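Step one of this worksheet: look at the structure below.
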């Protein structure tokens, strides 16, 4: 008898022919795959989020390049170090947000997982 890939309970059930899964975990996975809101609305929201984060990343990248371009000698002024740190931090945050948006869209398109904030409450 195999162990469930998720909870390690003993099971004889398999998903996709080779991944052992118990009934409870199978039901939980199936519940995640069923989007409660209309598919088009969820997909549109996720695409818009990705586009917005991509735009913010591009803007942060432009600002970082602009700050770095102000120091042709490679040695920034004393206040320039803080400006570089600020621009770098902003770019880092923008990249993480863009990555998160990409992962959310990918999870939805590939596996049907609806992000919690897009699930409809109530009925």
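Points to keep in mind about this one:
- Hits in the stretch 68-96 - residues which are at pLDDT 90 or above and in contact with a helix residue (DSSP H, G or I) (Cβ under 7 Å, 6 or more places away or on another chain): 87, 88, 90, 91, 94, 95
- Residue, nearest to residue 47 (Cα to Cα), within the stretch 96-118, restricted to residues that are touching a residue at least 60 places away in the same chain (Cβ under 8 Å) and surrounded by fewer than 15 Cβ atoms within 10 Å (Cβ to Cβ): 109
- Just so you know, in the stretch 10-23 the residues that are in contact with a strand residue (DSSP E or B) (Cβ under 8 Å, 6 or more places away or on another chain) and exposed (fewer than 15 other Cβ atoms within 10 Å of the Cβ) include one that is modelled with the highest pLDDT, and it is 10.
The values are calculated or read from the model by the stated rules, or taken from the named source; none is laboratory data. Just so it is clear, the model here is predicted, and its values are computed rather than measured. FYI the Cβ positions are ideal-geometry reconstructions off the backbone, even for glycines, and counts take in every protein chain you see.
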